[in-house]
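Participant: For reference, the structure I am asking about is given below.
The values are calculated or read from the model by the stated rules, or taken from the named source; none is laboratory data. No experiment lies behind these values; they were computed from the predicted model shown. Every residue, glycine among them, receives a Cβ derived from its backbone with ideal geometry; neighbour counts consider all protein chains shown. To get the accessible areas, we keep the full protein, side chains included, count just its heavy atoms, and leave off ligands, DNA and RNA. Shrake-Rupley method; radii C 1.70, N 1.55, O 1.52, S 1.80 Å.
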Amino acid sequence: MVTKTEETQLNRLESQVDNGGGGAWEYLCLVRKLKVRRSVKVLKHGLWILNDSKKRSSLGPEEWTLYEQVAVAAMDCQSLDVAKDCVNVLQKKFPESKRVGRLEAMLLEAKGSWGEAEKAYSSLLEDNPFDQVVHKRRVAMVKAQGNLSGAIDLLNKYLETFMADHDAWRELAEIYISLQMYKQAAFCYEELILSQPAVPLYHLAYADVLYTLGGIENLLTAKKYYSITIDLTGGKNTRALFGICLCTSAIAQLSKGRNKEDKDSPDLQSLASAALEKEYKQRASDKLSALTLAFKTLKVSS
């Protein structure tokens with residue numbers, strides 16, 4: 001994940017390059033380092049360097065890295081002629097390269113030649129079954145065709161080998177959620193929490209899924225994970241604070257006429273609603289009345 005400091009640095013450098021202040025190569029290197037998607041800018045500034053023989057030659061071996069970066073950006077922008085030119089240059093320089101072969105398969109994918117792209121990816125995997133990028137490209141290609149069940153199958157097969165790939169678990173969870181397969185999504189987030197227990201995003205997403213599933217047990221567990229999210233973020237996560245209030249209200253509705261199953265709810269809910277009121281007063285005072293109305297609807301007291 002990109003930090004706020006890194007994002008500020010990137011935006012500042014991007015503005016500098018856009019306004020003719022130089023630093024195009026530094027900007028392209030930073031985009032590559034942070035693995036962010038700025039395809040339009042990469043295409044523009046990358047071509048500016050590649051089309052100038054003097055600037056291009058000054059890069060040394062990094063020239064080929066730039067060709068690859070521009071090729072991918074061009075595919076993303078559907079500038080397929082530019083992408084093809086870049087891939088051809090790399091093919092001539094590295095005729096036996098599997099990395100270039102991957103770019104060729106990506107170009108087929110960008111053209112919508114799904115069958116040919118699948119054959120190319122399958123061929124690459126025969127040579128190297130552990131090429132994670134190729135596996136992920138196959139998932140992306142299947143998703144692009146709207147075949148979410150196929151994407152699920154590919155991701156599950158991929159995770160049998162690459163169990164520590166957090167991005168793949170998140171991708172799988174998001175697909176399950178889009179298909180309303182919440183129990184399966186919950187399992188994915190459990191895996192993520194086990195491997196990275198200090199990441200608040202996973203606790204929050206898991207709590208959201210449990211809240212959606214509903215039922216006393218799920219709501220109690222969801223509230224627990226909203227609380228952990230608040231703890232991990234120093235009380236700064238607005239979504240988790242709302243989650244506490246929503247869970248408390250839902251648990252109260254389901255527990256009517258029964259022994260209280262959530263003894264800590266009133267205190268925890270009061271703390272969450274008070275924190276929300278404080279945040280709204282500081283950042284969105286004009287919406288404080290809407291917050292108060294929401295509390296009344298949920299029968300939440302601050």
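Participant: With the structure loaded, tell me whether V40 is surrounded by 15 or more Cβ atoms within 10 Å (Cβ to Cβ) and not aromatic (F, W, Y) or whether it fails that test.
Facilitator: So V40 fails the test.
Participant: Now, a different point. Look through segment 1-30, keep the residues that are hydrophobic (A, V, I, L, M, F, W, C) and part of a loop (DSSP other than H, G, I, E, B), and return whichever of them is farthest from G46 (Cα to Cα).
Facilitator: Only one residue fits best here, namely M1.
Participant: Okay, next question. Considering only helices (runs of 4 or more DSSP H) fully contained in segment 136-250, which possess at least 2 residues that are more than 25 Å from L276 (Cβ to Cβ)?
Facilitator: Because the criterion is at least 2 residues that are more than 25 Å from L276 (Cβ to Cβ), the helices (runs of 4 or more DSSP H) in segment 136-250 that meet it are 148-161, 166-178, 182-195.
Participant: Further question on the same structure: Name the residues in segment 46-77 that are farther than 25 Å from K111 by Cβ, in a helix (DSSP H, G or I) and not hydroxyl-bearing (S, T, Y), would you?
Facilitator: Within segment 46-77, W48, I49, K54, K55, R56, E62, E63 qualify.
Participant: Does at least one position in segment 122-133 carry a residue that is in a loop (DSSP other than H, G, I, E, B), acidic (D, E) and out of contact with any helix residue (DSSP H, G or I) (no Cβ under 9 Å at 6 or more places or on another chain)?
Facilitator: No: zero hits.
Participant: Right, T248: modelled with pLDDT of 95 or more and among the β-branched types (V, I, T) or not?
Facilitator: No.
Participant: Suppose we keep only residues that are among the small types (G, A, S) and surrounded by fewer than 16 Cβ atoms within 10 Å (Cβ to Cβ) within segment 181-218. Which one would you say is nearest to G234 (Cα to Cα)?
Facilitator: A198
Participant: Which residue, of A24, A73, A83, is in contact with a Ser or Thr (Cβ under 6 Å, 6 or more places away or on another chain) and of a type in the set (G, A, S)?
Facilitator: After applying the criteria, what remains is A73.
Participant: Exactly one condition in (1) open to solvent by less than 60 Å² (accessible area, probe 1.4 Å); (2) within 29 Å of D167 (Cβ to Cβ) is not met by D76; state its number.
Facilitator: (1)
Participant: Please work out if E171 is charged (D, E, K, R), outside the structural domain of A274 (by TED's automatic domain parsing) and open to solvent by less than 60 Å² (accessible area, probe 1.4 Å).
Facilitator: Yes.
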